[in-house]
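The values are calculated or read from the model by the stated rules, or taken from the named source; none is laboratory data. All figures in this text were calculated on a predicted structure; none of them were measured in a lab. Here the Cβ positions follow ideal geometry from the backbone for every residue, glycine too, while neighbour counts run over all protein chains shown.
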Amino acid sequence: MNPYSRRQFLQHSLTSGLALAAVSSTVTHSTFAYPRPDKDAVSLAIWSLVRSFRAGVWKLTDMARICREDFGIDGIEYVTSFFEVPVESYLRQLNRNAETHGVKNVLIMVDDEGDMVAKDKKVRMQAAVNHRKWIDIAAYLGCHAIRCNARGGGNTPEDDPEALDRAAEAFGALLDYAKEFQINVVIENHGGLSSAPHWLPQLMKKVDSPHFGILPDYGNYRPTDEADVYRCVELAMPFAKGVSVKAGWNPDGTHPQYDLEKLLKISKNADYFGFWGIESGMRRREQSASAEEVKNDDWQAVRWTKAVIDKVLFGKPE
């Protein structure tokens, strides 16, 4: 299978207005409410399986079955570039599959919809408008949030001191739209300013909205002399509306980048509960690897990550 590129996806579906109109016409307020889980659960950020997706092993409509039958995972974190044709019938199938397999649609990770911190106001406000269709789709799928990126600013807060004001303006506009659907807007530390330890917490305080939060990604921080990765996660957790448990595994099962158990305990000790999203990967095989070999690597990385989560959060033996 050759998945649509992000650009093709937009051109063939949402930009026509037909899919968005269909979704908006059928969403009712009964689908908007997302009660916070009363206990911890594990979700799968499907980017974990991107290599096997590109190898044609699976497609998005398989994901609920894979989460339940292959991994015993309770939630799906979608990524926009995996949606083949997001018209209403396709979205309805995703909902039906999730219900059949007892899996929760948790959030949608939105990429390539423009720079929300661009210095040009027209550019950043257009980016805020571009994200609206994903608010509609998140509501239709019963998700609680869309994940956004804070891009378009300088490399460091010192380089671009006005970036906080620009980001607050653009994300404030998006939040005005999202709150009507009771959809949260969360930002991942995903490079640039957003990966600086203090920048996203400062933005959360500036905007001060109950629908605004951080999706801390363990692997994407840019530590400084004042903050290592553990301190970065501590700073983000008071604003967390999800956790991206990123893990990069060696084929022998070692995880050299940081202590995954320690980071999970930091998040847990911050009184976070809800979905813990697995975003994992294995060191890449050579280009000649077969689709089955790629799948085995993807699946093993998810299982190793889940085993650590199960041990720390649920006390299950390894």
**OP:** From (1) surrounded by fewer than 20 Cβ atoms within 10 Å (Cβ to Cβ); (2) at pLDDT 95 or above; (3) in a helix (DSSP H, G or I), pick out the condition that doesn't hold for Ser24.
**Re:** (2)
Subject >> Answer residue from the stretch 282-296, given it is aliphatic (A, V, I, L, M) and surrounded by 15 or more Cβ atoms within 10 Å (Cβ to Cβ) and is nearest to Asp310 (Cα to Cα) among those >> reply: Met282
**OP:** State the number of residues belonging to the stretch 269-296 that are farther than 23 Å from Val243 by Cα and out of contact with any Asp or Glu (no Cβ under 9 Å at 6 or more places or on another chain).
**Re:** 10
Original post:
Pick from the stretch 33-54 the residues that are polar (S, T, N, Q) and within 16 Å of Lys295 (Cβ to Cβ): which of them is surrounded by the most Cβ atoms within 10 Å (Cβ to Cβ)?
Top reply: Ser48
Original post:
Residues of the stretch 294-306 being under 20 Å from the mean Cα position of the chain (by Cα) and of a type in the set (A, V, I, L, M), which ones?
Top reply: Ala301, Val302
Original post:
Among the numbered criteria (1) over 22 Å from Lys246 (Cβ atoms); (2) under 19 Å from the mean Cα position of the chain (by Cα); (3) not charged (D, E, K, R), which single criterion is violated by Val106?
Top reply: (1)
Original post:
For the stretch 187-203, how many residues meet the condition of being surrounded by 16 or more Cβ atoms within 10 Å (Cβ to Cβ) and part of a loop (DSSP other than H, G, I, E, B)?
Top reply: 4
Subject >> Selected residue [in contact with a helix residue (DSSP H, G or I) (Cβ under 8 Å, 6 or more places away or on another chain) and at pLDDT 95 or above] from Pro157, Pro201, Pro197 >> reply: Pro201
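Could you run through the stretch 279-311 and say how many residues are part of a helix (DSSP H, G or I), of a type in the set (D, E, K, R) and more than 25 Å from Ala236 (Cα to Cα)?
Number of matching residues: 6.
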Original post:
Looking at the stretch 204-232, which of the residues that are among the aromatic types (Phe, Trp, Tyr) and assigned to a loop (DSSP other than H, G, I, E, B) is modelled with the highest pLDDT?
Top reply: Tyr218
Subject >> Subset of the stretch 222-266 that is among the polar types (S, T, N, Q) and in contact with a Pro (Cβ under 8 Å, 6 or more places away or on another chain) - its residue that is surrounded by the fewest Cβ atoms within 10 Å (Cβ to Cβ) >> reply: Asn250
**OP:** For Trp276, state whether it is out of contact with any strand residue (DSSP E or B) (no Cβ under 9 Å at 6 or more places or on another chain), closer than 16 Å to Leu44 by Cα and not in a loop (DSSP other than H, G, I, E, B).
**Re:** no
**OP:** State yes or no: is Val57 surrounded by fewer than 20 Cβ atoms within 10 Å (Cβ to Cβ) and touching a Lys or Arg at 6+ places or on another chain (Cβ under 6 Å)?
**Re:** yes
Original post:
crowded, with 18+ Cβ neighbours inside 10 Å and among the polar types (S, T, N, Q) - does that describe any residue in the stretch 172-183?
Top reply: no
Original post:
Going by the conditions given, is Ala247 in contact with a strand residue (DSSP E or B) (Cβ under 6 Å, 6 or more places away or on another chain) and part of a loop (DSSP other than H, G, I, E, B)?
Top reply: no
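Quick one: which of Ile278, Ile309 is within 18 Å of the chain's Cα centre (by Cα), among the β-branched types (Val, Ile, Thr) and under 17 Å from Asn189 (Cα atoms)?
The match here is Ile278.
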**OP:** For residues that are among the aliphatic types (A, V, I, L, M) and buried (at least 22 other Cβ atoms within 10 Å of the Cβ), tally how many sit in the stretch 267-281.
**Re:** 1
Subject >> Single unsatisfied condition, Ala178 versus (1) small (Gly, Ala, Ser); (2) over 14 Å from Gly114 (Cβ atoms); (3) within 20 Å of the chain's Cα centre (by Cα); (4) not in a helix (DSSP H, G or I) >> reply: (4)
Subject >> Residue list for the stretch 134-156, restricted to those being more than 10 Å from Ala178 (Cα to Cα), of a type in the set (D, E, K, R) and more than 14 Å from the chain's Cα centre (by Cα) >> reply: Arg151
